[in-house]
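The structure under discussion appears below in the form of structure tokens.
Computed from the coordinates by the stated procedures, all read-outs in this text should not be read as laboratory data. Just so you know, these numbers come straight off a predicted model, no measurement behind them. Positions of Cβ are generated from backbone atoms using ideal geometry, with glycine treated the same way; all protein chains shown enter the neighbour counts.
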Amino acid sequence: MTVAATRSKTKIRSGDQVMVVSGKEAGKSGKVLTVDPEKRRVVVERLNMVHKHTKPHPKKNPQGGVIEREAAIDLSNVMLICPACGQPTRVGYRLLEAGGKVRACRRENCNADIDKA
Ligand SMILES: [Zn+2]
């Protein structure tokens with residue numbers, strides 16, 4: 001990840017399908033639930049599950065105890081899965097004639113737009 005990339009918005013957004021490329025969940029994929037651009041971390045559905053010990057809470061969690069939840073994964077450990085070619089890819093941008101830009105697959109032979117223009 002370059003320094004320039006950390007300044008702007010993340011290339012991965014909630015709702016994207018991503019593949020984990022390193023760490024204990026490497027090789028697994030799932031849907032991004034939340035993105036934290038400042039911490040550069042994402043939460044992926046059903047990946048990187050941890051057991052969290054909780055205190056009883058009168059409304060949310062009357063019993064307390066251990067719950068299972070997703071822990072955030074570093075953005076540099078996930079790659080976007082291109083919806084067109086189904087492969088994990090680096091993300092580029094394509095400028096639109098009307099202004100603005102969409103994310104695009106950087107794989108040769110694909111180059112599909114990832115976002116709707
Ligand atoms: Zn692609």
Run the quick spin-label model on Asn61 and Lys101: label points 7 Å from Cα toward the beta carbon, then report their separation in nm to one decimal. 4.0 nm
Two pseudo-spin positions, 7 Å from Cα along C-beta at Ser29 and at Ala112, lie apart in nanometres by 1.1 nm
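Using Cα-Cα distances under 8 Å and only pairs 6 or more residues apart, what relative contact order does the chain have, in percent?
Numbers: 215 pairs, mean separation 22.1, N = 117.
Relative contact order here is 19 percent.
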I need the semi-axes of the equivalent ellipsoid of the chain: take the C-alpha gyration tensor, multiply each eigenvalue by 5, square-root it, list largest first in whole angstrom. 32, 15, 13
Taking placed amide H atoms and a strict 5 Å upper bound, the residues 5 or more places from Gln87 or on another chain that come that close are Cys82
